Structures are given as structure tokens and as C-alpha cells.
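Scroll down for the structure; my scribbles are underneath it.
Here, each number is a calculation from the coordinates, and none is a lab measurement. Model, not experiment: these values are computed from the prediction. Glycine gets a Cβ as well: all are built from the backbone with ideal geometry, and neighbour counts include every protein chain shown.
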Amino acid sequence: MNNFPLFTIFIPTKDRSKYLYHTLRTCTEQTYPNLEIIVADDASTDDTVEVVNRMAQNDPRIKLIARKKRVGMRDNFEMALDLIKPGYVIALGGDDGLIPDGIMSMYKIMKDTNTELLTWCPPVYEYPSERNPKGQFSIYRHKGIRVVQSNTFLDRQTKKFNYVNDIECPMFYVKGVVSTRLIDRVKSRSRDGRFYSCPTPDGYSGIVLAGEVENYIFSGEAFSIYGVSSSSQGLVYLSNEKEAKANSDEFFNFTKEITMHSELANQPYSPLLSLMTVDYLLTARDLPGWPGKFSKINYRKMLDKAIRELSSCRYGEERIEREIHILYEIAKKHELEDYFKQQIKQSKRYGSSIINIESAISPNMLYINPEEFQICNIYDAAYASKYIYKMVLRLNTKSIFKILKNSYKIFSAKKKIMGDFPDVNL
């Protein structure tokens, strides 16, 4: 074990016990010999504590931090991160998971490439819900290992304003792993010694860590898997259901004291990806000595992107009004209020029906109906990911056509008369 550095999986969670059990199963079955699993529970009202304690009885690598009073997502992440010992760390949500041998694979790549920051594009498993009764399972078709230049990635964010859709974003929440040395370096630049300086912990980690290194590694093979459930924060923002709205209101309440950057008019937190991306960039840029570089933000283009987000999002009227007011204050800050009002007046909201793709393949993605393959939870999906991935890489239009052609030959083959039975004396 002395030859293997410590890898820590930390899982900040709240009220996800029915998913957390399966998440922990994907962690405890990792083959890496020097592993610790920290669950940070933010005062859950379900049986999260009981679930973790039961599993910890059989696996001493599991440690539980159970808060008596709710502290909010950002502080829950930060307080858990403070307890992590030197080595490497990956964070998971309470409905995410690790692919079998994922930690060992991370270690081998980091050792072979001598990197402290590694990222990948995880598969996605969506639990069945009212929105999607059968659930959904998708695997990305990327291959190989490549070096990503950090400043190229950072500069791309000033053009696209969407860290989520950038597969090379090296956030260590679900889709990356990082050395604690880099985390400590970021903390040392912060005035209050914190790592997480923005309301949402995920994307900020990708932006700020990218700037700490000249380059990092992207792997086409994934080592973890996203879980999407009814309690996932991203879906909570979109939902108008009473319980989901209460959860998102609670999140807004915990973040109301943490405003966005002054160049974003010190506005309250916004879930618009365009604003989050810019807030992460500006916050990281202002850390003393942070070496990351990117182009000047074009606020007109940022507002355009934000309006397009609002046009196609599924937020309720109350949420839409909130975001428009936030964007207007930012527009005023940059003397773009007339432009913004004109753009809002000309823009329309577009409703889009939710397409539940059952099983399909595209150039970059394989979609699987989990119900057909008896994939019932993140644990099942994690194992399926490992064994399907290599097959998926070999699939292309030509091979699919060949499979269909050969299948047709088999099922359409007619029986050919070979003659009578031999004349046998009976």
C-alpha cells in the first residue's frame, strides 16, 4: 500500500439515501488498495445516516460526517474537503457512481503521464421518474488520451460561455481527479483559505484548477458515471413541482450572501450556465498570483448567450422574471441596458417536448433503454459502462450496416430442399 498514494472519494449529500446505497456500492468494490470514502451529510431528514453506518460496519474505508444543522451545499463541500488527507481526490454526488476499477485506471494514467489533473466524459444514467418513466442511459464515444492546454480551455469559455458542455472541463466533481497539492495551492491564494469561492462547487473547480497547471490530461475512457435523479440539483432548478421548488429556494437562500463577481454587478447567484461560467473565470482571475490566462469577456455576447438560454429553458415564470432582472442589472453595469431591453423584446420563448430516446447510436453517443437491459440503478449502469464502452468504440456506420445486413441474411434465409431421405429397410 505504501507504493500507492491515497485516493479519497468524497460524497457531499442531502436526502438521497435511496440512491446513495448504490453509489457507495460502486465505491466499495474498487480494486485500488489505498482508498478512503468520506460521506458528508448535510443534515438529511431521510435515513442517509443509517444507510452509511450500515455499510461502514462492513467497510472501514467509509467515514461519515453527519451534520446536525444544515450548512448548505458550498460549505458542506468545503468542510469535507478540509478533512481529506494528502493524495488525490474525486467528488461524487449522492446519486453518481464509479466504474469498476475506475480508481486504479485513474492512478495508472496519472502515473504514466505524470499529471496532477485528469478529466474525462462520464456516461449518464437517469433514474426512472415522472419526467422519464423508463429512465435513460447514455455512453459517450470518445477514445484515446490527449494533452489539453489549460489556456486554450480557459479561453474557449469566453467564447462558448458553457463549462458544462465542454467535455474537457477538468472539474473534479464526478468527471475528474486532482492532487490535493493543487487544491492546497488554490486555498493558499484565497483570502479566507477556502477552495470554493463561488456558490456552486462543481464548475468553479474545473476553471480554477485548469489555471493552476500548464496542461492536463483528457481520457476518452471514463472512470465514473453521472447519476440523474429527482433530487439532482440541475433538475431541481427546472422543476415547478412544490417539493423541488422548495429545495431550490433553500439553495438560493444559502447562497444569497455570496454574490457574483463585481463585473456581474454583484448580483445574486444565477443558475444560467453563461453567468456561472463568467463568474468562475473572473473569481479565479482575481486570486493573487493565479497563472491562468483568457481573453477579455465580451459582455454583449454573454448577454446574447444568456437570453438564448432563457428562451429555451423550462424555468417557470417566477424564475424567468428573476433571471431577467439579474441580466438587466449586469447590462446596466456595462452600459448595455438599451441593447438588452431590445434583445429581450425581440426574443421568444421556445417550448420543446422532452424526447425520451430509448436505444440509438450517433457519431458521439450510444443511447440505451435501461429497462430493456435490466439496468435499475447507478451500480448496474456502472458495470454496464465498463463492458459496453469498448464495444461502442468499434461501432460505426459501416459496421452497423454490416450487422443489419447479416442479420437480414439469417432471418430471411429460406430452407433449401436437399433431396429425399435415403431408402432404408425398416
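Using the number of other C-beta atoms within 10 angstrom as an exposure proxy, rank 4, 294 with the fewest first.
In order of increasing Cβ crowding within 10 Å: 4, 294.
Return the long-range amide H neighbours of residue 298 (sequence gap of 5 or more, or a different chain), with a cut-off of under 5 Å between placed amide H atoms.
Under 5 Å from the amide H of residue 298: no residue qualifies.
Given H placed on each backbone N at 1.01 Å, which residues far from residue 40 in sequence or on other chains put an amide H within less than 5 Å of it?
Correct list: 11, 13, 65.
With +1 on each Lys and Arg Cβ and -1 on each Asp and Glu Cβ, how big is the dipole of region 7-233 about its Cα centre, in debye rounded to the nearest 20?
260 debye
Give me the count of lysine pairs in region 26-117 whose alpha carbons sit under 30 angstrom apart, restricted to pairs 8 or more positions apart or on different chains.
The number of close lysine pairs in region 26-117 is 7.
Which value, in debye to the nearest 20, gives the size of the charge dipole of region 14-58 about its Cα centre, when Lys and Arg are +1 and Asp and Glu are -1 at the Cβ?
Dipole magnitude for region 14-58 comes out near 160 debye.
Using modelled backbone amide H atoms (1.01 Å from N, in-plane), which distant-in-sequence or interchain residues come within less than 5 Å of residue 137's amide H?
126, 368
Only four residue types carry charge here, +1 at the Cβ of Lys and Arg and -1 at the Cβ of Asp and Glu. Report the dipole size of region 1-95 about the Cα centre in Debye, rounded to the nearest 20.
About 120 debye.
Find the centroid of the Cα atoms in region 257-315 and in region 69-123, then give the distance between the two in whole Å.
Answer, in whole Å: 25.
Counting other beta carbons within 10 Å of each residue's own, what order do 198, 376 fall into, fewest first?
Arranged by neighbour count, lowest to highest, 198, 376 become 376, 198.
Taking the Cα-to-Cβ direction at residue 376 and at residue 114 and moving 7 Å from each Cα, how far apart do the two end points lie in nm?
The answer from the label model is 4.9 nm.
Report the one residue of 210, 190, 138 whose Cα lies farthest in the direction of the positive end of the charge dipole of region 7-233 (charges on C-beta: Lys and Arg +1, Asp and Glu -1; origin at the Cα centre).
190
Just going by the charge dipole of region 7-233, with Lys and Arg at +1 and Asp and Glu at -1 on Cβ, which of 102, 48, 121 is farthest out on the positive end?
Highest projection toward the positive end goes to 121.
How would 373, 161 line up from fewest to most surrounding beta-carbon atoms within 10 angstrom?
Starting with the residue having the fewest Cβ neighbours, the order is 373, 161.
Within 12 Å, Cβ to Cβ, of residue 215, how many net charges do the neighbouring residues add up to if Lys/Arg are +1 and Asp/Glu are -1?
Local charge sum for residue 215: -3.
Starting from the Cα of residue 61, step 7 Å along the direction of its Cβ; do the same at residue 321; then give the gap between the two resulting points in nm.
Modelled inter-label distance: 5.1 nm.
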